[in-house]
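I have placed the structure first, in the form of structure tokens, so that the comments after it can refer back to it.
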Amino acid sequence: MRIVLSLLLGLHGAIHLLGFVKGLGLAEVPQLQQAISTRAGVAWLAAALLLMGSSVLALVVPRVWWMVALPGVLLSQLLIIGAWQDAKFGTLANAVLLVPLVIVIADQRPQSLRNRFVRDTASLLAAEASTNMSVLVTEADLAPYPQLLQRYLKRAGVVGKPRVHNVRLTFTAQMRNDPRSPWMESVATQYEFYDPPARLFFMQASRSGVPFDVFHRYVGNEATFQVRVAGLIPMVNQSGPLMTRSETVTLFNDMCLLAPGSLIGAPVTWTVVDESTLRARYTNAGHTIEAVLSFDASGDIANFVSLDRGKEVNGEQLVTPWDTPVSAYATFHGVRIVGQAEARYEENGEQSAYGRFTITGADFNVRAP
């Protein structure tokens, strides 16, 4: 979508150069029959530069493109009104550009999901400002755990690294509501904290050009899940005990797969099922959840299965088997974590994927800027 937006801005801006050429008398422009003064010609050039500049920014600095595009679109429309007979069709381009401008400007509101995510993250990072994050994990720290888990943690490279207090993760993802829905391309940023536990997950997705903002917030004893169309129109707003219990499962899943160093000292009870399987009980926010972890021959986690995570179906909240089969591992800052995995619910007696995730970055023990 950014490429399409950039092309539209660039093309629209380039067309404005015709007004500049005619206004300064640099060449004949048969498409423009109305007279254009030198001053108006300079204004057409300014609009062209603003629009073409925002075209570049949309690709290289997407967070600020709108700051240049908005005055460009407004100036463009004023010039079009002044040359309506020749330039009236430019209004259509400005109307199209106004849609993403409204969306991105709305995203700057204090109560947008993005800004709530940013504020919560800043608050939790500030709370850890005095935390000593230099204590290293030792072989002795692994001794109380089952051999399967010890092997996994050593393979992950946590020994000799600082204990994990928080992690920042970036994803690309494909999401869908059910097996019959098309996949939505998404990008996400997630922060997790482990003392005390918290999870903040912000995702932007789009389907057929329609953007969605998604915010999972799990702080203290409550978890919420919100989705807004174009950042403005509420689509999902879930909370309550089942949501908090479900997010507890997700938090523990992330600890196992994406921040294995956080398992050291965590409130988890481990039970050996067989030579390749562990059962875990994790407690947080008044909820104790269970999961079964399967390990492959090399010692990596191959799957994480829990019966304690719920989902909403036709307005009804249901608890159904949930798992996250792993397809690849990746290394970030010397720590080996899951690089690709699916998230699946049971659908008609079979596990069906609703999410496919690829980790693009992981930073451990992040400090407040």
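Between T320 and N237, the modelled label-to-label distance comes to 2.6 nm, taking each label 7 Å out from Cα in the direction of the beta carbon. At a probe radius of 1.4 angstrom, the accessible area of the chain per residue rounds to 48 square angstrom.
Q34 label point, 7 Å along Cα→Cβ, cut-off 18 Å on backbone N: hits in region 89-113? It comes to 89-95, nothing else.
In this label model, A126 and E350 are separated by 5.1 nm, measuring between points 7 Å along each Cα→Cβ vector. Our helix-only sum for the chain, with -39,500 (n - 2.57) per DSSP H run of n ≥ 4 divided by its residues, gives a mean residue ellipticity at 222 nm of -11500 deg cm²/dmol.
What is the Cα radius of gyration of region 117-220 over 2.2 N^0.38 Å, N being its residue count? Before the final figure, lay out each step's value.
Values: Rg = 17.9 Å, N = 104, 2.2 N^0.38 = 12.8 Å.
Rounded to two decimals, the normalised Rg is 1.40.
Extension gain for the segment R151 to L49, taken as residue separation times 0.36 nm less the Cα-Cα distance, is 30.8 nm to one decimal. Relative to the longest principal axis of the Cα atoms of the chain, the long axis of helix 241-258 makes an angle of roughly 80 degrees. Sorted from longest to shortest, the spans of the Cα atoms of the chain along the three principal axes equal 85, 47, 36 Å. The apolar share of the surface of the chain, taken as the fraction of accessible area on carbon and sulfur atoms (1.4 Å probe, ligands and nucleic acids excluded), comes to 59 percent.
Kindly list the residues of region 320-346 that lie in the label zone of D296, defined by a backbone N under 12 Å from the point 7 Å along the Cα-to-C-beta vector. Backbone N within reach: 325-330, 338-341. In this rough spin-label picture, where each label sits 7 Å from Cα along the Cβ direction, the V229-V118 distance is 2.6 nm. Applying a DSSP loop filter and a limit of 11 other Cβ atoms within 10 Å to the trypsin sites (Lys or Arg not before Pro) in region 88-172 leaves K88. Measuring from a point 7 Å past the Cα of K88 along Cα-to-C-beta, which residues in region 5-45 have an amide N at less than 18 Å? Flagged as within label range: 31-35. Shape summary: region 201-310 maps onto an equivalent ellipsoid whose semi-axes, from the alpha-carbon gyration tensor, are 31, 17, 11 Å in decreasing order.
The values are calculated or read from the model by the stated rules, or taken from the named source; none is laboratory data. This one's a predicted model, so the numbers in the text were calculated from it and none came from an experiment. Glycine also receives a Cβ, built like all others from the backbone with ideal geometry; neighbour counts cover every protein chain displayed. Heads up: the accessible areas ignore ligands, DNA and RNA and are worked out on the full protein's heavy atoms, side chains in. Shrake-Rupley method; radii C 1.70, N 1.55, O 1.52, S 1.80 Å.
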